[in-house]
1. Where in the stretch 195-249 are there trypsin sites (Lys or Arg not before Pro) that are in a DSSP coil and have at most 11 other Cβ atoms within 10 angstrom of their Cβ?
2. For a bin width of 10 Å, list the pair-distance distribution of the stretch 1-118 built from all Cα-Cα distances, rounded to whole %.
3. With +1 on each Lys and Arg Cβ and -1 on each Asp and Glu Cβ, and nothing else charged, work out how big the dipole of the chain is about its Cα centre, in Debye to the nearest 20.
4. Which of rounded, prolate or oblate describes the chain when judged by the alpha-carbon gyration tensor and an a/c cut-off of 1.5?
5. Spin-label point model (7 Å from Cα, Cβ direction): what's the residue 78 to residue 123 distance in nm?
6. What does the C-alpha gyration tensor say about the overall shape of the stretch 49-96? Classify as rounded when a/c is under 1.5, otherwise prolate if a/b is larger than b/c, or oblate.
7. Putting +1 on Lys and Arg Cβ atoms and -1 on Asp and Glu Cβ atoms, find which of 132, 59, 182 reaches farthest to the positive end of the dipole of the chain.
8. Compute the helix-to-body angle for 178-208: its Cα long axis versus the longest principal axis of the chain, expressed 0 to 90° and rounded to tens.
Amino acid sequence: MTTVASQVILHPVVSQSLKFGSTTVGRDKTYRAVQYYARFLTWYLLNKGDKHNAARWNALKSHLATARKLLRLGKPVEHLQAALRASLASGPASEQILAIGKQLAYFGYLSYDAVVWANAVKFFVLPPETAQRVTKTSNRFWLAGILFSLVHGVLKLTRLTREAKMLQAGKSWGEKDVGEETQREARLNAVKAAQAAARTQFLIDILDVWIPATGAGITNINEGALGIFGFITSVLGMRAQWKAVTGKQ
């Protein structure tokens, strides 16, 4: 029995899961997945007329949303740092400007989000009209950040695709210099990895964009669809963080 328990408790997947859960990003993505699944399930149960169970899942969704806001209290400064690093980085000017815009928009979003959290936990109480205006402004900044990211993703994918074609064309010419060929293969692999990451981020952005757009009153997507969109992007984010932490797919 002890051997079986040891094999379960000390299994590599358990150890990797603990390592994943020990990171702030890992916990946040997990909470987010549950939050948006609860959002979908609340909508589904209400449509079925099951108000009792819908209330339970809605409470879970609300508490997780509040908890995640607390986890993000220091992140506005991270995005300011990211904006500064983007301004100092080399690369196409258009991509650089969009990257800076994205980070500044996320700074605004998370700054207003902190005010939303403080009001939610009654640290200070805003009038209902003010609270609604702050929430809408937060969603507008979030929407702006995603739109910057989408345009940046299109430009980056276009550039990477062009670079990949050039590298592959060079390979087809059959240069015999082994050193150059090795460097070309390494660069091509790096470009392909960057393409995969950019495609994943583009998919996340194209699904997530509807959440702040609806929160800002620009679109009117139902709660069920928003829950599914958020759940999918959360799982994609969890997958990326799992790979970063454990080095495995």
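1. On the way: sites: 199, 239, 243, 248; in loops: 248.
Filter output for the stretch 195-249: 248.
2. 12, 24, 26, 24, 11, 3, 0
3. On the way: 32 positive and 15 negative charges, 85 e Å.
Using only the charged Cβ atoms, the result is roughly 420 debye.
4. Values: a/c = 2.09, a/b = 1.40, b/c = 1.50.
It is oblate, given that a/c is not under 1.5 and a/b is not larger than b/c.
5. The answer from the label model is 1.7 nm.
6. On the way: a/c = 9.45, a/b = 2.93, b/c = 3.22.
Oblate is the answer for the stretch 49-96, as a/c is 1.5 or above yet b/c matches or exceeds a/b.
7. Comparing the listed Cα positions along the dipole, 59 ranks first.
8. The helix 178-208 is inclined about 20 degrees to the chain.
Bear in mind these aren't lab numbers, they're just calculated from the coordinates by the rules spelled out. Keep in mind the model is a prediction, meaning the values are calculated, not measured. All Cβ positions, glycine included, derive from the backbone under ideal geometry; neighbour counts span all protein chains shown.
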